[in-house]
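One structure is given below, encoded as structure tokens.
The values are calculated or read from the model by the stated rules, or taken from the named source; none is laboratory data. Only a predicted model underlies this, so the values are computations on that prediction, with no experimental measurement involved. Here Cβ is always computed from backbone atoms with ideal geometry, including for glycine, and neighbour counts include all displayed protein chains.
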């Protein structure tokens, strides 16, 4: 799946001249945590809810409450926004979006088609996509199967599970910390017993299944 398949379009933007109270109000009203900053049609920065909260909790001392409020009411977004914005293209795969967020320790990526801002992808979007891909939220069971080095092992595992009459909702392969390759299989049943017994008969080890 590509970024363009799950980005949030119609992204809410602000300008560098937007004041702190205006940005906070807009974020609350629209229920968003990130506000790209656009000037003359170009992306020039981004402001997160963390930036807004840190600005409101300004450590300025020696000022009266009314003086501090006066300054904050007039504080422009240009003073607190992140200028070096990390973006992503709509044709990038979802795993690249996830990699960038982890590597850069950020929680949102504006999506740029050339110089045009067409949407935004957040960590919540990526997590929701992961849950959908894993079939979570449906009555199902998860099987963690240890893969051996035999050619075609994954195919044999899937055939064995389906021969028990259950539907395979999703499949993922991972390598654990010990270097063992695992197949994580979600099946559309809350009774994984027959599938697990069939795998054991073929010599495949499984963890205690999770039902949910």
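Restricting to the stretch 1-38, count the residues that are loosely packed, with under 14 Cβ neighbours inside 10 Å and either free of Cβ contacts under 8 Å to residues at least 24 places away in the same chain or not in a loop (DSSP other than H, G, I, E, B) (or both).
Final tally of qualifying residues: 6.
Which of the strands (runs of 3 or more DSSP E) contained wholly in the stretch 107-171 include at least 2 residues that are assigned by TED's automatic domain parsing to the domain that holds residue 40? Lay out the reasoning, then the answer.
Values: elements: 108-113, 116-122, 141-146.
Passing ranges, in order: 108-113, 116-122.
Select from the stretch 198-212 the residues that are farther than 14 Å from residue 142 by Cα and out of contact with any helix residue (DSSP H, G or I) (no Cβ under 7 Å at 6 or more places or on another chain) and list them in ascending order.
200, 201, 203
Residue 177 fails exactly one of the following numbered conditions: (1) surrounded by 13 or more Cβ atoms within 10 Å (Cβ to Cβ); (2) not assigned by TED's automatic domain parsing to the domain that holds residue 32. What is the number of that condition?
(1)
Which of the following residues is at pLDDT below 90, out of contact with any strand residue (DSSP E or B) (no Cβ under 6 Å at 6 or more places or on another chain) and more than 11 Å from residue 141 (Cβ to Cβ): 177, 181? Working first, answer last.
Numbers: 181 fails: out of contact with any strand residue (DSSP E or B) (no Cβ under 6 Å at 6 or more places or on another chain).
Unique residue meeting the criteria: 177.
Test of understanding: among 85, 37, which residue is at pLDDT 95 or above, out of contact with any helix residue (DSSP H, G or I) (no Cβ under 7 Å at 6 or more places or on another chain) and within 25 Å of residue 2 (Cα to Cα)?
85
Just one of the numbered conditions (1) at pLDDT below 90; (2) crowded, with 18+ Cβ neighbours inside 10 Å is not true of residue 196; which one?
(1)
With (1) free of Cβ contacts under 8 Å to residues at least 24 places away in the same chain; (2) closer than 23 Å to residue 133 by Cβ as the list, and residue 195 as the residue in question, which single condition is left unmet?
Looking at each condition in turn, residue 195 falls short on (1).
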